[in-house]
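The values are calculated or read from the model by the stated rules, or taken from the named source; none is laboratory data. It should be emphasised that the depicted structure is a prediction, and the values quoted were computed from it without experimental measurement. Because the Cβ atoms are built from the backbone with ideal geometry, glycine has one as well, and the counts that use them run over all protein chains shown.
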């Protein structure tokens with residue numbers, strides 16, 4: 001590692017440590033403090049579209065919770081925030097570190113890739129984990145693990161129904177991340193629902209998050225007789241794919257459909273004009289009119305002088321849900337009581353979807369919406 005790079009890395013580490021200390025310093029928590037852990041990809045490739053935005057959402061929720069005494073009089077919420085660097089081993093290690101602290105629950109890990117290996121560890125350690133991910137396997141790991149995001153089958157059902165009933169698609173090609181459990185599940189769910197609607201699946205191609213050259217797949221797809229294309233991957237990869245398939249000569253009349261992952265700013269920054277016209281199902285939309293979201297957007301703009309994305313909304317929503325469970329569990333609540341209170345949350349206000357959140361079998365449920373990219377911005381179409 002050269003000197004410049006080493007200095008840059010060290011400065012980043014110091015900044016993260018200082019930020020974590022500003023949230024909660026080990027040994028400083030008082031008797032009326034309640035501590036939760038949070039681990040996000042604040043460095044590494046995933047940081048470009050996730051970790052820093054998740055942190056901002058958590059910061060904003062933390063300020064509101066303590067300012068408005070949402071845990072009850074005399075109780076304060078503190079957050080131990082850690083950087084997992086987008087590394088699965090680090091995510092597992094941090095779960096053990098949280099379990100050896102006074103944290104009563106953990107928010108994160110972010111994404112099925114990181115959350116899936118952490119979920120069994122959380123259950124072994126009897127630590128409530130609210131994963132920011134969609135895979136059903138997270139809740140299936142045991143009673144201590146929860147998924148904040150609605151299952152792939154729910155969001156993909158909404159998108160597939162829209163594609164069949166409103167767009168009247170007949171022949172479609174599918175492209176997905178074969179190394180990502182969530183992407184595989186979304187592909188399967190979407191495919192099953194459009195097939196049930198009479199749609200012919202012309203081809204299915206797998207890619208990975210490490211791929212950069214999509215020319216062979218793009219050329220093949222351009223020469224297929226399709227009227228629609230479903231693609232699913234992390235935002236940066238999805239952006240490169242859609243650019244290359246357009247450059248290969250994709251008919252502009254072909255409908256493009258994907259998951260809510262492309263709602264991250266990095267997708268639009270990379271894809272540019274290639275994003276125009278894409279349809280996708282989202283669990284967060286800036287313009288949703290419920291009061292919880294209006295307050296969130298206003299506060300976020302005041303603090304960060306920009307609009308929140310879905311990652312910021314996830315960090316905010318997850319922190320607020322944990323606070324609600326902690327309050328319900330009562331003074332002196334331990335991990336078991338917080339876990340039980342979290343599982344019992346039903347029809348509570350949230351910034352996600354249409355504004356109401358429930359857990360069903362420890363998986364998040366809330367109405368998602370379909371949007372289309374129009375002049376570079378998502379517009380609600382259903």
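Observations, loosely collected:
- Which numbered condition residue 195 fails, given (1) in a helix (DSSP H, G or I); (2) not assigned by TED's automatic domain parsing to the domain that holds residue 252: (2)
- Within the span defined as segment 274-282, one or more residues are within 30 Å of residue 77 (Cα to Cα) and surrounded by 18 or more Cβ atoms within 10 Å (Cβ to Cβ).
- For segment 159-188, taking the residues that are surrounded by fewer than 19 Cβ atoms within 10 Å (Cβ to Cβ) and within 18 Å of the chain's Cα centre (by Cα), the one that is nearest to residue 358 (Cα to Cα) is identified as 184.
- Of the residues making up segment 136-153, those that are touching a strand residue (DSSP E or B) at 6+ places or on another chain (Cβ under 7 Å) and either outside the structural domain of residue 334 (by TED's automatic domain parsing) or outside any helix (DSSP H, G or I) (or both) are 144, 145, 146, 147, 148, 149, 150, 151.
- Whichever residue in segment 74-115 is at pLDDT below 95 and more than 23 Å from residue 56 (Cβ to Cβ) and, among such residues, is surrounded by the most Cβ atoms within 10 Å (Cβ to Cβ): 75
- Residue selected from segment 129-156 under the condition surrounded by 17 or more Cβ atoms within 10 Å (Cβ to Cβ) and over 18 Å from the mean Cα position of the chain (by Cα), by the criterion nearest to residue 190 (Cα to Cα): 141
- Residue in segment 50-58 that is in the same structural domain as residue 328 (by TED's automatic domain parsing), within 30 Å of residue 263 (Cα to Cα), modelled with pLDDT under 95 and under 17 Å from the mean Cα position of the chain (by Cα) present: yes
- Answer from 346, 287 - the residue that is outside any helix (DSSP H, G or I), touching a strand residue (DSSP E or B) at 6+ places or on another chain (Cβ under 9 Å) and at pLDDT 95 or above: 346
- Within segment 310-352, being surrounded by fewer than 23 Cβ atoms within 10 Å (Cβ to Cβ) and under 30 Å from residue 377 (Cβ atoms) holds for 348, 349.
- Filter result for residue 43 (touching a strand residue (DSSP E or B) at 6+ places or on another chain (Cβ under 9 Å) and modelled with pLDDT under 95): no
- Residue satisfying condition, being at pLDDT below 95, more than 23 Å from residue 241 (Cα to Cα) and not in a strand (DSSP E or B), within set 164, 158: 158
Residue-by-condition table, conditions (1) touching a helix residue (DSSP H, G or I) at 6+ places or on another chain (Cβ under 7 Å); (2) closer than 27 Å to residue 45 by Cβ; (3) in the same structural domain as residue 156 (by TED's automatic domain parsing):
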| position | (1), (2), (3) |
| --- | --- |
| 263 | yes, yes, yes |
| 266 | yes, yes, yes |
| 302 | no, no, no |
| 324 | no, no, no |
| 337 | yes, no, no |
| 347 | no, no, no |
| 352 | yes, yes, no |
| 356 | no, no, no |
| 359 | yes, no, no |
